[in-house]
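Working notes for the structure below.
The values are calculated or read from the model by the stated rules, or taken from the named source; none is laboratory data. What you are looking at is a predicted structure, and each value in this text was computed from that prediction instead of being measured. Using ideal geometry, Cβ is built from the backbone for each residue, glycine included, and neighbour counts are taken over all protein chains shown.
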Amino acid sequence: MMEYIGDATMVSDDNPLSVANFGTLKTAVEALHNENLVHGDIRGCNVLQILSTSATSSQNTSRVALIDFDCAGVVGQARYPAFLNRSDEIGWPDGVLDLQPIAKEHDLAMLNNLPTDEQWEDL
């Protein structure tokens with residue numbers, strides 16, 4: 001599905017996921033996995049927080065969107081690309097290698113590696 005997204009920011013240390021958006025994203029990833037699908041690239045640059053203002057209220061709310069499904073596919077068939085970006089900044093989980101199958105466990109490890117508001121509250 002394609003949609004124009006106006007006021008959105010990528011998840012990063014400076015823009016961590018809200019606890020609510022993390023829960024929504026986790027539910028979306030679980031829904032993919034329940035259909036035997038994997039994403040393969042759940043990192044901050046592929047997760048958008050979208051700010052919106054209600055027409056009936058001046059209160060801002062946000063929602064989350066998972067983007068970049070280039071590597072996504074069926075479990076056991078979807079594979080990582082031949083020349084995977086090996087930057088230490090990405091933090092690929094163990095077992096992620098060029099041309100190897102994408103596993104649900106990789107998606108979950110990357111999901112749990114995203115910065116969230118909750119992480120900063122503990123500091």
* Asked: What about Q49, is it closer than 24 Å to T116 by Cβ and surrounded by 12 or more Cβ atoms within 10 Å (Cβ to Cβ)?
  -> yes
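Among the residues of segment 1-23, which ones are of a type in the set (A, V, I, L, M), under 14 Å from S52 (Cβ atoms) and either modelled with pLDDT of 95 or more or not in a helix (DSSP H, G or I) (or both)?
I5, A8 - these are the residues of segment 1-23 that are of a type in the set (A, V, I, L, M), under 14 Å from S52 (Cβ atoms) and either modelled with pLDDT of 95 or more or not in a helix (DSSP H, G or I) (or both).
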* Here are some conditions: (1) touching a residue at least 12 places away in the same chain (Cβ under 8 Å); (2) not in a helix (DSSP H, G or I). K26 meets all but one. Which one does it not meet? -> (2)
* **Matching residues in segment 70-114 - criterion: being of a type in the set (K, R) and not in a loop (DSSP other than H, G, I, E, B)** => R79, K104
* If you check every pair at least six apart or on different chains, which have Cβ atoms under 9 Å apart with a residue in segment 87-110 that is touching a residue at least 60 places away in the same chain (Cβ under 8 Å) first and a residue that is basic (K, R) second? -> I102/R79; L108/K26; M110/R43
